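A short write-up of the structure that comes next.
Taken together, the values in this text are just the output of simple stated rules run on the coordinates, not laboratory data. Bear in mind the structure is a predicted one, so any value in this text is a computation, not a measurement. Note that each Cβ is placed from the backbone with ideal geometry, even for glycine, and that neighbours are counted across all protein chains shown.
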Amino acid sequence: WCVPCLVSLDTLQELCRKEKLTCKSIGITKRNLNNYEVEYLCDYKVVKDMEYYLVKWKGWPNSTNTWEPLQNLKCPLLLQQFLNDKHNYLSQVKKGKAIIPKDNNKTLKPAIARYIVKKAKQRIALQKWQDELNRRKNHKGMIFVENTVDLEGPPTDFYYINEYKPAPGISLVNEVTFGCSCTDCFFEKCCPTEAGVVLAYNKNQQIKIPPGTPIYECNSRCQCGPDCPNRIVQKGTQYSLCIFRTSNGCGWGVKTLVKIKRMSFVMEYVGEVITSEEAERRGQLYDNKGITYLFDLDYESDEFTVDAARYGNVSHFVNHSCDPNLQVFNVFIDNLDTRLPRIALFSTRTIYAGEELTFDYQMKGSGDTSSDSVDHSPARKRVRTVCRCGAVTCRGYLN
């Protein structure tokens, strides 16, 4: 029997080095047992006109931190980060109109050193989270993580998934029983026609149907190949996106790192599929916390809801806007159960690199913005969450 270790790799490496033990499975060998690599810089002082930095060594406990002269350090990036963090802290203190103690340039004030260490630890934690997200995702686009606003680290109770996760008692198995035999799905009678709708995309892979019209893509039984023009959503996100900390109090958000053409597929909204009754119960808890992660699958009925609070993908971090740049569409591929459409987000206009991605939390796959679309419950009194989108057309509340 074996069980996963709950201790982090870094902690295990520190313990091995402290006890002079080797362990190939965690990367500690006789060759590198006594290796010293700078993990981050903790403090600064000047002694007899010589500059020193307090060094935290990677894979070693804090008890082994040492003061090293600047001339011995070969880590220009970490030195620059140290100086940037010091500058940012002093800038924040100045904005808060607090009194900044006179700095004699010989030592750092303890508060500054504490902040610099917290930022270094946060940077390491966010990098590890970014690496984990990219290991878990199954799409082409890369995921980046950035926080230049505060000391918030990765969410502690969020698990990245690539597709719907059914709650206990819910079955998503509804394998399609037929597929097309087209040689060119763009010109022949394909899956959308069989479903009574038109092909959703043009030759540039942009959506050409109005909101409210369902998308029927080619499925696993179709004879067309992966380059079929009717296979867009199933390929996943193609763009590199960044989960970033917003400066307007909206927590995490998502921005694109590349230009996205108008009417292009950007991402799916995935999460845990639960019953509407369970969504009602969770909705009351989420309302009290001022969060909204419930998306009703009400294309033809309202039996199920997607809850992206704990399980989700990049869409979990996309913020609301009353004037969004993403539009919701219902998609059917291998599962043709109209109670369980996949939710795809398409760009409504050209979105430029660095721009935040948003969708209307009250937007339905039918294209309207009725109040019972996301986190709905018309039967009970709602705790209203104030909207901070800043749009000219802002409705004032998320729900």
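Quick look at the values:
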{"quantity": "Footprinting exposure proxy for Thr358, Thr292 (fewest neighbouring C-beta atoms within 10 Å first)", "calculated": "Thr292, Thr358"}
{"quantity": "Stretchable slack from Glu303 to Val47, in nm (0.36 nm times residue separation minus alpha-carbon distance)", "calculated": "85.1 nm"}
{"quantity": "Rounded FRET efficiency, nearest 0.05, which uses the C-beta distance separating Phe144 from Gln223 and R0 of 35 Å", "calculated": "0.40"}
{"quantity": "Stretch gain in nm, segment Leu172-Gln206, where the contour uses 0.36 nm per residue and the Cα spacing is subtracted", "calculated": "9.4 nm"}
{"quantity": "Within a Gaussian network of the chain (alpha carbon springs, distance under 10 Å), most fluctuating of Thr11, Thr350, Thr237", "calculated": "Thr11"}
{"quantity": "The range 36-132, dipole about Cα centre (Lys/Arg Cβ +1, Asp/Glu Cβ -1), debye to the nearest 20", "calculated": "520 debye"}
{"quantity": "Inter-part distance where the range 166-244 and the range 267-331 are each reduced to a Cα centre, Å", "calculated": "22 Å"}
{"quantity": "Relative contact order (percent, whole number), the chain, Cα cutoff 8 Å, 6+ residue spacing", "calculated": "13 percent"}
{"quantity": "Residues with amide H under 5 Å from that of Phe144, placed H, sequence gap 5 or more", "calculated": "Leu241, Cys242, Ile243"}
{"quantity": "FRET E, pair Lys109, Thr193, Förster distance 56 Å, beta-carbon r, rounded to 0.05", "calculated": "0.20"}
{"quantity": "Vicinal HN-Hα couplings computed from phi for the range 181-188 (Karplus, 6.51 cos²θ - 1.76 cosθ + 1.60; Hz; Gly/Pro x)", "calculated": "10, 5, 8, 8, 5, 6, 10, 9"}
{"quantity": "Candidates Gly27, Gly354, Gly249: whichever shows maximal mean-square fluctuation once the chain is modelled as a Gaussian network with Cα springs under 10 Å", "calculated": "Gly27"}
{"quantity": "Inter-part distance where the range 119-150 and the range 16-58 are each reduced to a Cα centre, Å", "calculated": "24 Å"}
{"quantity": "Per-residue ³J(HN,Hα) for the range 237-243, Karplus 6.51 cos²θ - 1.76 cosθ + 1.60, θ = phi - 60°, Hz, x for Gly and Pro", "calculated": "5, 9, 9, 7, 10, 10, 7"}
{"quantity": "Among Ile209, Ile28, Ile291, residue whose mean-square fluctuation peaks in a GNM of the chain (springs only between Cα atoms under 10 Å)", "calculated": "Ile28"}
{"quantity": "Given (1) 25.7, 83; (2) 23.5, 78; (3) 20.1, 63, the label whose value is Rg and Dmax of the Cα atoms in Å derived from this model", "calculated": "(1)"}
{"quantity": "Average Cα contact separation per residue, the range 159-247, under 8 Å, 6 or more apart, as relative contact order %", "calculated": "29 percent"}
{"quantity": "Sites Lys20 and Phe186, calculated FRET efficiency, Cβ-Cβ separation with R0 45 Å, nearest 0.05", "calculated": "0.10"}
{"quantity": "Of all DSSP beta bridges in the chain, antiparallel share, percent nearest 5", "calculated": "75 percent"}
{"quantity": "Contour minus Cα-Cα distance for Cys5 and His87 (0.36 nm per residue)", "calculated": "25.7 nm"}
